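This report concerns only the one structure given below.
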Amino acid sequence: MDEELRSLIDRLGEEAGESASYEELIATDDHELLARVLTEPEQPLWARELAAFRLGCAGDRRAFEALVLLLNHRDPERCVSAAYALARLGDPRTARAAAALATNSMRTAYAMQPVRLLTELRAPESVPALVTTLRGLLAPNDPHWRVALACVEGLGRLRDVRATEVLDAALDHPRLGAAAAAALSRLG
């Protein structure tokens with residue numbers, strides 16, 4: 001069992017309590033059972049998250065919509081688990097969904113995992129989305145500077161010259177300057 005699944009199981013175990021269905025969802029290899037949890041009414045959130053995570057990590061695209069919803073959740077731990085599963089899902093829609101979430105200015109507080117996922121995916125949507133998101137966060141007193149920092153670091157890892165202008169603009173930012181300089185030094 002990998003570390004991410006162990007962390008998910010530990011966290012969701014607290015939510016599920018002594019539920020027999022929790023134990024069943026952990027133990028089963030039946031993708032049909034897991035998929036039903038995503039579509040049946042009145043399933044608890046922990047069950048949907050566990051089913052979506054397991055299906056996503058197994059490459060079953062029926063988990064896509066549930067994982068995207070979890071990627072945009074207010075609970076950071078749910079976002080982390082969803083990003084992990086989406087990165088392994090292999091669904092071509094993932095980058096577009098992550099880009100839409102990262103660039104939604106109404107949801108910037110929840111954009112950290114979509115930004116990190118875009119960096120990991122290295123999809124055609126990644127650099128434009130990170131540039132757009134970072135550009136909107138360059139005010140010195142913006143409360144979402146950690147998301148901006150994730151954009152800067154991601155652009156450095158992606159090494160795409162299209163990021164030069166926005167990284168140059170980030171050089172004067174009190175919390176982003178050093179990371180922006182490091183990112184610029186990595187651009188090809």
* In segment 133-165, residue nearest to Y84 (Cα to Cα) [restricted to those that are among the β-branched types (V, I, T) and within 17 Å of the chain's Cα centre (by Cα)] -> V147
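Condition first: part of a helix (DSSP H, G or I) and more than 17 Å from E15 (Cβ to Cβ). Can you find one or more residues in segment 75-82 that meet it? Quick ask: steps written out before the conclusion?
Step one: of segment 75-82, the residues part of a helix (DSSP H, G or I) are 76-82.
Filter once more, so that each one left must be more than 17 Å from E15 (Cβ to Cβ): none.
No, because not a single residue in segment 75-82 is part of a helix (DSSP H, G or I) and more than 17 Å from E15 (Cβ to Cβ).
Name every residue in segment 160-170 that is surrounded by 15 or more Cβ atoms within 10 Å (Cβ to Cβ) and either modelled with pLDDT under 95 or assigned to a helix (DSSP H, G or I) (or both), in order of residue number.
First pass over segment 160-170, keeping only residues surrounded by 15 or more Cβ atoms within 10 Å (Cβ to Cβ): 160, 163, 166-167, 170.
Correct list: A163, V166, L167, A170.
Can you pull out the residues in segment 5-17 that are closer than 20 Å to R88 by Cβ, of a type outside the set (K, R) and surrounded by fewer than 16 Cβ atoms within 10 Å (Cβ to Cβ)? So that I can check it myself, show each step before the final result.
Step one: list which residues in segment 5-17 are closer than 20 Å to R88 by Cβ, which gives 5-12.
Adding the requirement that they be of a type outside the set (K, R) leaves 5, 7-10, 12.
Passing the criteria: S7, D10.
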* Is it true that R78 is under 24 Å from V115 (Cβ atoms), surrounded by fewer than 22 Cβ atoms within 10 Å (Cβ to Cβ) and touching a residue at least 24 places away in the same chain (Cβ under 8 Å)? -> no
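When the residues of segment 111-124 are narrowed to those that are more than 9 Å from the chain's Cα centre (by Cα) and under 26 Å from S7 (Cα atoms), which ends up most open to solvent (accessible area, probe 1.4 Å)? Outline the logic, then answer.
Of the residues in segment 111-124, the ones more than 9 Å from the chain's Cα centre (by Cα) are 119-124.
Okay, now just the ones that are also under 26 Å from S7 (Cα atoms), so 119-122.
Values: T119: 3, E120: 99, L121: 55, R122: 137 Å².
For segment 111-124, the residue satisfying everything is R122.
Name the residue that is most open to solvent (accessible area, probe 1.4 Å), counting only residues in segment 128-159 that are not in a helix (DSSP H, G or I) and not aliphatic (A, V, I, L, M). Give the steps one after another, and end with the answer.
Taking segment 128-159 as the starting set, the residues that turn out to be not in a helix (DSSP H, G or I) are 136-144, 159.
Checking the rest, the ones that are also not aliphatic (A, V, I, L, M) come to 136, 140-144, 159.
Working: G136: 59, P140: 84, N141: 145, D142: 27, P143: 101, H144: 57, R159: 128 Å².
If we take residues in segment 128-159 being not in a helix (DSSP H, G or I) and not aliphatic (A, V, I, L, M), then N141 is most open to solvent (accessible area, probe 1.4 Å).
Considering only residues that are touching a residue at least 12 places away in the same chain (Cβ under 8 Å) and out of contact with any Lys or Arg (no Cβ under 7 Å at 6 or more places or on another chain), which ones fall in segment 42-58? Steps first, answer last, please.
Kept after step one, since they are touching a residue at least 12 places away in the same chain (Cβ under 8 Å), are these residues of segment 42-58: 44-58.
Result: P44, L45, W46, A47, R48, L50, A51, A52, F53, R54, A58.
Which of the residues belonging to segment 96-107 are crowded, with 20+ Cβ neighbours inside 10 Å and either assigned to a helix (DSSP H, G or I) or of a type in the set (D, E, K, R) (or both)? Steps first, answer last, please.
Of the residues in segment 96-107, the ones crowded, with 20+ Cβ neighbours inside 10 Å are 97-99, 101-103.
Residues satisfying the conditions are A97, A98, A99, L101, A102.
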* Asked: Looking at (1) part of a loop (DSSP other than H, G, I, E, B); (2) touching a Pro at 6+ places or on another chain (Cβ under 8 Å); (3) among the aliphatic types (A, V, I, L, M), which is the one condition that is false for A123?
  -> (2)
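The values are calculated or read from the model by the stated rules, or taken from the named source; none is laboratory data. Every value quoted in this text rests on a predicted model; they were computed, and no experiment measured them. Cβ sites come from the backbone with ideal geometry, for glycine too, and all protein chains shown count toward neighbours. Accessible surface is based on the protein model in full, side chains and every heavy atom, while ligands, DNA and RNA are left aside. Shrake-Rupley method; radii C 1.70, N 1.55, O 1.52, S 1.80 Å.
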